[in-house]
Amino acid sequence: MLSLKNLSKRFGGVVAVDRVDLDVAAGEVHALIGPNGAGKTTLIHQISGSLGCDSGEIRFLEKDITRLPAHERVRAGLARSYQITSIFRRFSVLDNLALAVQARSGSSFSFWKPVAKETALFDEARAIASQIGLSEKTESVAATLAHGEQRALEVGLALATRPKLVLLDEPMAGMGPEDSQRMIALISRIRAEVAVLLVEHDMDAVFRLADRISVMVNGRLIATGPPEKIRMNAEVRKAYLGDELAA
Amino acid sequence: MNKVLTIALPAGIAIVFPLVMHALDQQFYTSFATRILIYAMAAASLNLVLGYGGMVSFGHAAFFGAGAYIVGILAVEGVSSLWIAWPAAIVVAAAAALVIGALSLRTRGVYFIMITLAFAQMMYYVFVSMKAYGGDDGLSMPARSTGLGVSLSNDFVWYYLVLVLLMIILYLLHRLLRSRFGRVIEAIRENETRATAVGYPVYRYKLLCFVISGAIAGLAGALIANQTSYVGPALLHWVQSGTLMIMVILGGVGRFWGGPVGAVVLLALEELFSGTPLLGDYSLHWQLPVGVILLAVVLFAPQGIAGAFSQKSQ
């Protein structure tokens with residue numbers, strides 16, 4: 001479904017992403033792990049189109065999207081969430097989601113008809129709100145939500161574009177155990193409909209959710225494989241998992 | 001009820017105002033009120049990009065002035081029909097906004113403010129150097145535009161024509177802001193990164209918003225040229241852009257009535273403090289009391305006057 005070939009990104013003298021090859025298959029939850037500064041978020045930025053590529057190729061659904069603008073990648077079915085919550089803070093939860101639904105249903109170069117009368121948009125936004133567990137909060141202003149709820153909305157905005165593949169950049173960042181469990185449950189529910197590339201530091205979540213895991217260190221992918229193999233991989237243990245799993 | 005009142009009350013006052021002034025034999029104020037209505041339109045157009053689109057354009061006088069100059073130049077060249085001159089003013093202002101916007105919108109923040117200012121000042125110097133059309137001195141139009149079958153030199157007719165146009169523009173803006181396009185514009189102001197990430201081609205929306213705003217400013221410019229039958233480069237000067245910006249800030253950034261309220265308040269204060277009855281010889285320094293009031297508004301009503309009112313009514 002998604003295929004990266006020889007992808008690189010340099011910032012001055014620093015090679016943030018170094019000749020990465022990565023595949024995400026349809027129906028798969030593919031986790032990307034690695035220590036801080038390994039280049040995971042840079043890679044997500046490149047796949048979503050907010051950063052360019054110095055070399056290499058990104059193919060999505062058999063098409064070369066290496067030079068496609070970010071908004072067109074979303075339309076092609078490639079959505080993302082952000083590590084630092086990025087929502088429309090002064091809009092209600094419902095308006096947040098309706099805006100994302102609106103982006104893919106018909107032209108928004110429409111200047112006369114009030115949005116409020118487009119019930120289809122809001123019906124679908126409500127359906128997504130209930131999917132992410134916010135159906136009680138649809139009228140709340142996004143900025144007033146609790147952290148865990150904002151993180152859920154963050155993922156909801158990506159889902160509202162009805163993606164075929166969603167890039168989740170540390171969806172559990174800053175969450176307590178309860179919220180994390182909820183996020184794990186959410187990702188388990190959506191995996192039937194959408195492939196997931198998951199960047200996450202919460203190893204419990206990664207090993208519970210992932211079909212395959214790729215490990216990134218210093219901009220390079222050092223291993224890819226099913227969770228049990230990654231757990232046993234000596235190089236990975238040395239570079240990253242180390243003590244945490246040895247215990 | 002409250003909603004009806006916010007439209008009916010200002011509209012009612014605007015409709016009876018010239019009649020009252022006529023009865024009191026104070027026709028000067030009808031002409032003064034016309035000027036306010038024109039600035040209300042210009043400020044509303046700036047509020048569209050600044051308040052709703054989040055684009056701090058410091059060069060709005062360029063479109064206002066361009067619209068005015070087109071009407072002035074056409075009048076001097078013998079084209080006085082408003083059916084030709086006014087659409088021409090709108091089209092030229094929109095085209096200027098398209099070019100300036102296309103280049104400026106590649107920048108953000110302070111750079112955007114500075115580049116729009118720079119473009120507007122370039123336009124200013126272009127018109128100053130056009131000796132054929134008055135240069136520094138500007139140019140006088142032989143008369144107001146024609147084409148409606150009634151003479152627009154009658155201040156009553158002129159006032160009501162401007163009022164009708166302002167109401168049409170405000171209604172169009174009202175529709176626009178509630179449409180899909182309006183929601184996207186506000187979403188981009190709230191979070192441009194996220195707007196891109198849900199699939200909107202952000203640049204195109206911003207540019208179109210900028211052009212619509214420029215077109216409305218062009219119409220306001222066409223009206224201000226007719227107001228005094230005179231067009232001068234001061235209309236394009238950066239101080240003019242600043243004045244429009246102050247109106248929007250005073251009235252309420254991103255508030256529907258922000259532009260009109262700001263225009264009314266700023267021009268009324270200017271009139272009040274620059275006239276001799278209130279301050280006598282000190283009226284020369286009218287900017288001082290106006291400045292103090294501006295400071296007070298920014299400090300105590302950061303959402304502007306329209307914002308302060310709508311908060312109370314909630």
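Throughout, read-outs are computed from the coordinates displayed, never taken from laboratory work. Predicted, not measured: the structure shown is a model, and the values here were computed from it. When we count neighbours, we look across all protein chains shown, and the Cβ atoms used for this are built from the backbone with ideal geometry, even at glycine.
Numbers at a glance
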| read-out | value |
| --- | --- |
| Search result, residues across segment A:102-119 that are in contact with a Leu (Cβ under 8 Å, 6 or more places away or on another chain) and more than 9 Å from chain B (Cβ to nearest Cβ) | A:Ser105 |
| Lone unmet requirement of (1) within 14 Å of another protein chain (Cβ to nearest Cβ); (2) over 28 Å from B:Ala33 (Cβ atoms); (3) of a type outside the set (Asp, Glu) for B:Tyr125 | (1) |
| Long-range neighbours under 6 Å by Cβ, at least six apart or interchain, first residue free of Cβ contacts under 8 Å to residues at least 60 places away in the same chain within segment B:291-303, second surrounded by 12 or more Cβ atoms within 10 Å (Cβ to Cβ) | B:Val297/B:Leu250; B:Ala301/B:Ala308; B:Gln303/B:Gly252 |
| Neighbours by Cβ (under 6 Å, 6+ apart or cross-chain): first from segment B:197-218, facing chain A (nearest Cβ under 9 Å); second in a helix (DSSP H, G or I) and among the small types (Gly, Ala, Ser) | B:Val198/A:Ala100; B:Val198/A:Ala103; B:Gly199/A:Ala103; B:Tyr200/A:Ala103; B:Val202/B:Ala195 |
| Identity of the residue in segment A:120-145, free of Cβ contacts under 8 Å to residues at least 24 places away in the same chain and surrounded by fewer than 20 Cβ atoms within 10 Å (Cβ to Cβ), that ends up farthest from the other protein chains (Cβ to nearest Cβ) | A:Glu136 |
| Per-region count, segment A:62-81, residues more than 8 Å from chain B (Cβ to nearest Cβ) and touching a strand residue (DSSP E or B) at 6+ places or on another chain (Cβ under 8 Å) | 8 |
| Which numbered condition A:Leu168 fails, given (1) crowded, with 19+ Cβ neighbours inside 10 Å; (2) more than 14 Å from chain B (Cβ to nearest Cβ); (3) not in a helix (DSSP H, G or I) | (2) |
| Evaluation of A:Arg162 against (1) in contact with a Gly (Cβ under 7 Å, 6 or more places away or on another chain); (2) not in a helix (DSSP H, G or I) (one fails), failing number | (1) |
| Helices (runs of 4 or more DSSP H) wholly inside segment B:168-240 containing at least 3 residues that are out of contact with any strand residue (DSSP E or B) (no Cβ under 8 Å at 6 or more places or on another chain), of a type outside the set (Lys, Arg) and under 17 Å from B:Leu48 (Cα atoms) | B:180-190, B:202-228 |
| Flag for A:Phe109 being buried (at least 24 other Cβ atoms within 10 Å of the Cβ), in a loop (DSSP other than H, G, I, E, B) and more than 17 Å from the chain's Cα centre (by Cα) | no |
| Looking only at segment A:82-101, and only at residues there that are assigned to a loop (DSSP other than H, G, I, E, B) and within 7 Å of another protein chain (Cβ to nearest Cβ), the one that is farthest from B:Leu176 (Cα to Cα) | A:Ser86 |
| Every residue from segment B:171-185 that is more than 7 Å from chain A (Cβ to nearest Cβ) and crowded, with 21+ Cβ neighbours inside 10 Å | B:Leu173, B:Gly182, B:Ile185 |
